[in-house]
Amino acid sequence: MPYNKKKGSKKKNNFSAKGKHTAAAAVDRGGDELPLKRHTDEVLFGLGHGSYLGECLICMIPLPLDESQCSSMECCTKIICQGCTIASQLADKKAGRVVTCAFCREPTPKNDMSRDRKIIAQVQKRVEAGDALAHYQLGHFRVKGQHGLPKNAAKGIELWKMAAKLGSVHAHYSLADKYRDGDWGVKKDTEKILYHYEVAAIGGHFLARHNLGVFEGKEERVDRALRHWMISAKMGYEDSLKNILKLHKMGCATKDDYAQALLGYQKATEEMRSEERGEAKVYFRHRTG
């Protein structure tokens, strides 16, 4: 979401309310997913400075923010970087072995109906065990009608709501997007948008953090927008860095603000690089021509 400064007079800062809640301690209100009170600034800006993605379980390097550079393993639901995925596959092929998951070493399922049944069975098993990620994945399959499941957006959204209650940062972000866009039968709702973006941002979701900054910018609360973008830029999100530069050119952010954001951005992106990830990018470029 790009930032465009809105013309008009300054508005009072009514974004936050009193109360102290974290993602794990949100209280439902009469069956609704909104809590009784919104997050305080202490919680909102004090938490979520590290990416929710964490580290690759193989190379132990922070996972890339670009989801296309990550693999969600269908056999064990673990998320690892494409560098480790491709390196493992090439090593298996070179040794004449069956290609297996880089993490749990289960054989890669064949692309047929039996593969779909196996994936759904594995995810359903994790859902029954109360796994938040599995709830989110099954909801995604329902929403998209994937792996042989009939498309049912309503069931998918309900699974996402349960995933959010179980602590899925990704589910909170996806719900916020749907309340923002009014997709799949979900009514637009500003309070729910902001609540779910806040929980996701507190959990380390860089896009949720960035989007909160966009909201604040549109409401002309530039100081709060800057605080959000400083956090997401230092997590390695380039669009936030660009928006801080725009604020600097407008005279709404100092040179030091931008310098700090740039240094943090460079540090985060450097930590996410590896030789294997570079080779994976080259591998995919060659495959796609």
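Each value in this text was obtained by applying a stated rule to the coordinates, not by laboratory testing. Note that the structure is a prediction, hence the values are computed from the model and not measured. Here Cβ is always computed from backbone atoms with ideal geometry, including for glycine, and neighbour counts include all displayed protein chains.
Each peptide in 174-180, 128-134, 258-264 gets a packing score, the mean of other Cβ atoms within 10 Å over its residues, and the list from highest to lowest is 174-180, 258-264, 128-134. Under 5 Å from the amide H of residue 100 lie the amide H atoms of 108, each residue being 5 or more positions distant or on a separate chain, with H modelled from the backbone and absent for Pro and chain starts. Structural descriptor for the chain: relative contact order 19 percent, calculated from alpha carbon pairs under 8 angstrom and at least 6 residues apart. Protection proxy ranking of 76-84, 44-52, by the mean of other Cβ atoms within 10 Å over each peptide's residues and highest first, is 76-84, 44-52.
Work out the length of the dipole vector of the stretch 209-289 about its Cα centre, built from +1 on the beta-carbon of each Lys and Arg and -1 on the beta-carbon of each Asp and Glu, and round it to the nearest 20 debye. Mind dumping the intermediate values first?
Numbers: 16 positive and 13 negative charges, 38 e Å.
For the stretch 209-289, the charge dipole is close to 180 debye.
Modelled label positions at residue 191 and residue 271, each set 7 Å beyond Cα in the direction of Cβ, lie 3.7 nm from each other.
Show that you can apply the helix-only estimate: for the chain, add -39,500 (n - 2.57) for every DSSP H stretch of four or more residues, divide by all residues, and state [θ] at 222 nm to the nearest 500. Please list the in-between numbers first.
Working: 12 runs with 157 residues, N = 289.
About -17000 deg cm²/dmol.
Think of each Lys and Arg Cβ as +1 and each Asp and Glu Cβ as -1; about the Cα centre, that makes the dipole of the chain roughly 620 debye.
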